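The values are calculated or read from the model by the stated rules, or taken from the named source; none is laboratory data. These numbers were taken from a predicted model, which means no experiment stands behind them. Cβ placement follows ideal geometry from the backbone for every residue including glycine, while neighbour counts extend to all protein chains displayed.
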Amino acid sequence: MLLSPYSRLFLSAAATGLIATAGAAADPAGAPADVITAFHATLLDNMKHGKQYGCDGRAQRLSAAVDATYDIPFIAERALRRDWSQLTPDQRTQFVAAYRDMVITTYATEFRSFDGDTFSTLDSKDLPNGFEVVHARLKPGQGDAHTFDYVLHPAAGGWRVANVISDGVSTLSLQSEQYASVFEQKGGFDGLMTWLRGQTRDKRNECSAKASG
């Protein structure tokens with residue numbers, strides 16, 4: 001399993017000391033730790049059946065899993081920070097959809113093969129603002145382990161991830177800086193969307209090439 005810097009930045013978790021396996025998926029509408037354990041089970045299933053599912057199949061399975069795990073609209077708004085207020089309702093809808101597509105495509109590309117990898121959900125902790133952090137670890141079959149701190153908040157459909165801290169680095173902070181720079185340098189919303197869709201297209205091409213390789 002290859003884990004790109006981007007993928008590591010997007011992850012972050014914590015839960016109950018279980019190792020997620022394809023047969024151990026928890027109810028995604030349950031406790032924060034259960035949400036993370038269920039998501040990890042989907043990733044492991046994709047990894048174990050990567051060639052069988054192919055890129056499109058992995059993405060299809062991730063679609064529902066991402067929606068059951070991440071609060072994509074919440075994250076997308078905060079990733080744009082002050083630039084969000086400049087967008088029309090239609091532009092906001094477009095950005096959220098493009099952001100979601102990028103997330104699913106990235107996971108489908110990076111989590112595509114299995115080499116004895118394990119996800120361990122470790123513990124969880126209440127935060128003062130009503131959020132909860134779930135600590136988790138990914139141990140590849142080869143190489144060093146990676147730590148993930150998933151920050152979840154209560155949303156309409158249950159607990160959802162609002163940020164991921166991977167190996168001590170906040171995904172949301174990094175994305176906010178990157179998107180603000182792109183928004184300014186590429187002329188606003190249209191330039192940002194062209195760039196984001198291009199990033200996703202490149203990742204999808206990579207995913208398809210690896211599926212056929």
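Numerical summary
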| item | result |
| --- | --- |
| Among residues of segment 163-194, those that are more than 30 Å from Pro32 (Cβ to Cβ) and of a type outside the set (Gly, Ala, Ser), counted | 10 |
| Neighbours by Cβ (under 9 Å, 6+ apart or cross-chain): first from segment 120-144, free of Cβ contacts under 8 Å to residues at least 24 places away in the same chain; second aromatic (Phe, Trp, Tyr) | Arg137/Phe119; Arg137/Phe148; Lys139/Phe119 |
| Residue that is at pLDDT below 95, not in a helix (DSSP H, G or I) and not β-branched (Val, Ile, Thr), where the choices are Gly23, Gly116 | Gly116 |
| Any hit, segment 100-115, residues being small (Gly, Ala, Ser), surrounded by 21 or more Cβ atoms within 10 Å (Cβ to Cβ) and closer than 29 Å to Cys55 by Cβ | yes |
| Selection count where residues are part of a loop (DSSP other than H, G, I, E, B), out of contact with any helix residue (DSSP H, G or I) (no Cβ under 9 Å at 6 or more places or on another chain) and either touching a residue at least 40 places away in the same chain (Cβ under 8 Å) or within 28 Å of Thr147 (Cβ to Cβ) (or both), scope segment 157-213 | 1 |
| Candidates Asp83, Asp90, Asp56 - the one that is modelled with pLDDT of 90 or more, buried (at least 17 other Cβ atoms within 10 Å of the Cβ) and assigned to a helix (DSSP H, G or I) | Asp83 |
| Options Asp71, Asp45; residue that is in contact (Cβ under 8 Å) with a residue 60 or more places away in the chain, surrounded by 21 or more Cβ atoms within 10 Å (Cβ to Cβ) and acidic (Asp, Glu) | Asp71 |
| Enumeration of residues in segment 105-140 that are under 27 Å from Asp202 (Cα atoms) and of a type outside the set (D, E, K, R) | Thr105, Thr106, Tyr107, Ala108, Thr109, Phe111, Ser113, Phe114, Leu138, Pro140 |
| Search result, residues across segment 120-156 that are among the basic types (Lys, Arg) and closer than 28 Å to Lys48 by Cβ | Arg137, Lys139 |
| Hits in segment 126-152 - residues which are surrounded by 11 or more Cβ atoms within 10 Å (Cβ to Cβ) and either of a type in the set (Lys, Arg) or assigned to a loop (DSSP other than H, G, I, E, B) (or both) | Leu127, Phe131, Arg137, Lys139, Pro140, Gly141, Gly143, Ala145 |
| Condition check for Ala65: within 29 Å of Gly143 (Cβ to Cβ), in contact with an Asp or Glu (Cβ under 9 Å, 6 or more places away or on another chain) and modelled with pLDDT of 95 or more | no |
| Near pairs, Cβ below 8 angstrom, 6+ apart or cross-chain, from segment 77-104 (over 14 Å from Arg201 (Cα atoms)) to any residue that is among the polar types (S, T, N, Q) | Arg78/Ser176; Ala79/Gln175; Ala79/Ser176; Leu80/Ser176; Arg81/Ser176 |
